[in-house]
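A short write-up of the structure that comes next.
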Amino acid sequence: MTATSTQSSNLDSCIQACLDCLKDCENCATACLNSDMVQMMSKCIELCRDCSDTCDLCARLMMRSSGIHAQMCSVCAEACERCAEECGSHDSDHCKRCAESCRRCAESCRQMATA
């Protein structure tokens, strides 16, 4: 693989990680909103919403080859890490799935931010 094809592959992987994370965060926030413990899950909902919005914007900036996508990837990684920490502290399957997705996205975004 050439450097350009490797960069393109990494970009595509990061975009997909962002889109997967966006989906899992939205699913988690919705499940938390519909739970009997919605008040106890307010921090989880807040961080999932922040993370999904950040992932959405990050993916869009990478898709259009924006000159600021690396900076956004750094911000996205931070949002993902915060969300993963919160979701990882809960026992529900949707929170665990979200935390894993956030960790994968954070790792991919950190790599894009330093590329």
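How much length is gained if the chain between Gln39 and Asn10 is pulled fully straight, taking 0.36 nm per residue apart and subtracting their Cα-Cα distance, in nm to one decimal?
6.6 nm
Place a +1 charge on the Cβ of each Lys and Arg in the chain and a -1 charge on the Cβ of each Asp and Glu, then give the dipole magnitude about the Cα centre in debye, rounded to the nearest 20.
So the dipole magnitude of the chain works out to roughly 340 debye.
Among Cys48, Met72, Ala84, whose Cα lies farthest out toward the positive end of the dipole of the range 45-85, if unit charges sit on the beta carbon of Lys, Arg (+1) and Asp, Glu (-1)?
With unit charges placed on the Cβ atoms, the residue in question is Met72.
As I understand it, the value is the acute angle between the Cα axis of helix 69-87 and the longest principal axis of the Cα atoms of the chain; what does it come to in degrees, rounded to 10?
So the helix axis and the longest Cα principal axis differ by about 30 degrees.
Modelled label-to-label distance, Asp93 and Asp53, 7 Å Cα→beta-carbon offset: nm?
3.0 nm
Which length gain, in nm to one decimal place, applies between Thr30 and Ser74 when the Cα-Cα distance is subtracted from 0.36 nm times their residue separation?
13.3 nm
Relative to the longest principal Cα axis of the chain, at what angle does helix 93-114 sit, 0 to 90 degrees, rounded to 10?
Approximately 30 degrees, to the nearest 10.
Using a 10 Å cut-off on Cβ atoms, rank the peptides 53-62, 76-85 from the highest mean neighbour count down.
Going from most to least packed, we get 76-85, 53-62.
Can you give the angle from 0 to 90° between the axis of helix 42-63 and the longest principal axis of the chain, with both taken from C-alpha atoms, to the nearest 10?
The angle comes out at about 20 degrees.
Keeping all protein chains in place and using 1.4 angstrom, which order do Asp36, Asp12 fall into by accessible surface area, from largest down?
The residues order as Asp36, Asp12, largest area first.
The values are calculated or read from the model by the stated rules, or taken from the named source; none is laboratory data. Here the structure is a predicted model, which means the values were calculated and not measured. Virtual Cβ from ideal backbone geometry, glycine too; neighbours counted across all protein chains shown. Note: accessible area is taken over every heavy atom of the protein model, side chains too, but ligands, DNA and RNA are not part of it. Shrake-Rupley method; radii C 1.70, N 1.55, O 1.52, S 1.80 Å.
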